[in-house]
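Here's the structure we're looking at; comments come further down.
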Amino acid sequence: MPLRNIYLIGPMGAGKSTIGRMLAKELACPFLDSDHIIEERSGADIPWIFDVEGEQGFRDRESQVIKEVCTQSGVVLATGGGAVGRAENRRHLSTHGFVVYLRTPVAIQLQRTEKDKRRPLLQRPDRELVLNRLLQERDPLYRAIADLILDTAAMSPRQVIRSIIQAAGK
């Protein structure tokens, strides 16, 4: 029987890519990052895509990537923070794998994204306000499809990975 996919969801700075790489290594399976796939396919970085195509264009690309990844088996996928905004993405993720919501307080997100120039939604002076608004909008969506919710601020990456492996039955 093919291995079940593990999908990591959560806000910017939650550690989805970091945890995803470590988890995939531990499970000896491929690690995929939807943002990186989008950049590879388009030959452009995400800020450029946002500038040229707007958020709608980026979200269209993201939905296509998620749909395709959900046809694979035995992968760990780190999604973008806003991937849960579309019902089709939530449906694909929740029906094709084990979904882990990596919860992180806004204060930690601010620290982890402070110098990051690659996040279009944070290229503004009111970053904390933006992160609070996004969390308020997205938290119910993350929770609705999560098979497991972990607070990454309260756990080491090792503890997060052990918890995921145990809960996913790997």
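Quick check on Leu93: is it closer than 30 Å to Gln166 by Cα, touching a strand residue (DSSP E or B) at 6+ places or on another chain (Cβ under 8 Å), modelled with pLDDT under 95 and of a type in the set (A, V, I, L, M, F, W, C)? So Leu93 fails the test. Any residue in the stretch 77-84 that is assigned to a helix (DSSP H, G or I) and either surrounded by 18 or more Cβ atoms within 10 Å (Cβ to Cβ) or modelled with pLDDT of 90 or more (or both)? So far as the stretch 77-84 goes, yes, one or more of its residues are assigned to a helix (DSSP H, G or I) and either surrounded by 18 or more Cβ atoms within 10 Å (Cβ to Cβ) or modelled with pLDDT of 90 or more (or both). If we scan the stretch 31-42, do we find a residue that is assigned to a loop (DSSP other than H, G, I, E, B), surrounded by 15 or more Cβ atoms within 10 Å (Cβ to Cβ) and of a type outside the set (A, V, I, L, M)? No, because not a single residue in the stretch 31-42 is assigned to a loop (DSSP other than H, G, I, E, B), surrounded by 15 or more Cβ atoms within 10 Å (Cβ to Cβ) and of a type outside the set (A, V, I, L, M). Of a type outside the set (S, T, N, Q) and touching an Asp or Glu at 6+ places or on another chain (Cβ under 7 Å), is that true of Leu110? Yes, satisfied. Any residue at all in the stretch 67-75 that is surrounded by 22 or more Cβ atoms within 10 Å (Cβ to Cβ) and either among the basic types (Lys, Arg) or under 30 Å from Ala107 (Cβ atoms) (or both)? No - not one qualifying residue is present in the stretch 67-75. Inspection of the stretch 19-27 identifies at least one residue that is closer than 27 Å to Arg133 by Cα and either buried (at least 20 other Cβ atoms within 10 Å of the Cβ) or at pLDDT 95 or above (or both).
Under the condition of being of a type in the set (Gly, Ala, Ser), at pLDDT 90 or above and surrounded by fewer than 18 Cβ atoms within 10 Å (Cβ to Cβ), the residues counted in the stretch 115-162 number 2. Scanning the stretch 138-157 for residues that are without any contact (Cβ under 8 Å) to a residue 60 or more places away in the chain, in a helix (DSSP H, G or I) and either in contact with a Leu (Cβ under 7 Å, 6 or more places away or on another chain) or of a type in the set (Lys, Arg) (or both) yields a single hit, Arg143.
The values are calculated or read from the model by the stated rules, or taken from the named source; none is laboratory data. Worth saying up front: this structure is predicted, and the values here are computed from it rather than measured. Note that each Cβ is placed from the backbone with ideal geometry, even for glycine, and that neighbours are counted across all protein chains shown.
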